[in-house]
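Quick note: the coordinates plus some simple rules give every number you see, no bench work behind them. From a predicted model like this one, the values you see are computed outputs, not experimental measurements. Here the Cβ positions follow ideal geometry from the backbone for every residue, glycine too, while neighbour counts run over all protein chains shown.
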Amino acid sequence: MTTIDTIIIHCSATKAGQDLRAKDIDRMHRARGFNQIGYNFVIDLDGTVESGRPLSIDGAHCNTKGFSGLSYNKHSIGICYIGGLDTNGKPADTRTEAQKKALRNLVVKLCKEYPIIELLGHRDTSPDLDGSGEVEPSEYIKVCPCFDVRSEFCNFLRNIVIRP
């Protein structure tokens, strides 16, 4: 990627406690036809941050187009934490304390290294179907990452509205 200005947070959509690693996601993504893992970073249950797809290569984690008209994959970092479903398979914030801490530290680091202007959950990239200027829960294509990224990370970025 030549320009990186966005971070998009995902979950693996796996049940609480199901332990996966970046290599497991890489295998699953390859089975779906990807040439490698689509995420740039994976946060394991114990808080270990694993590298995935190199930042020098466009991501394969969010095809939705951003304000620039480009696919988010062209200018965003994809972070995936392991989990996102409760033991019954329903969407839930299953992050461990170690994952929450690792995610926060990774976001801080990336915001220092790149001119990040957007920090989103994958669900926040859903289309604004009613044209209200905000993507409401009823408009989510996915509930991933199963927590409200903008509320949790509100202190990282200015509250700005970017319009095309």
Summing -39500 (n - 2.57) over the DSSP H runs of n ≥ 4 in the chain and dividing by its residue number, what mean residue ellipticity at 222 nm do you reach, to the nearest 500 deg cm²/dmol?
-5500 deg cm²/dmol
Region 6-152 - percent relative contact order, Cα under 8 Å, separation 6 or more
29 percent
Report the antiparallel proportion of the DSSP beta bridges in region 6-152 as a percent, rounded to a multiple of 5.
25 percent
Taking the inverse of the average 1/r across all pairs of different Cα atoms in the chain, what Kirkwood radius in Å do you get?
16.0 Å
Going highest first, how would you order 130-143, 75-88, 104-117 by mean Cβ packing within 10 Å?
75-88, 104-117, 130-143
Placing +1 on the Cβ of each Lys and Arg and -1 on the Cβ of each Asp and Glu in the chain, which of Cys146, Val42, Gly89 has its Cα farthest towards the positive end of the resulting dipole?
Val42
Treating only the Cβ of Lys, Arg, Asp and Glu as charged (+1, +1, -1, -1), what charge dipole size does the chain show about its Cα centre? Round to the nearest 20 debye.
400 debye
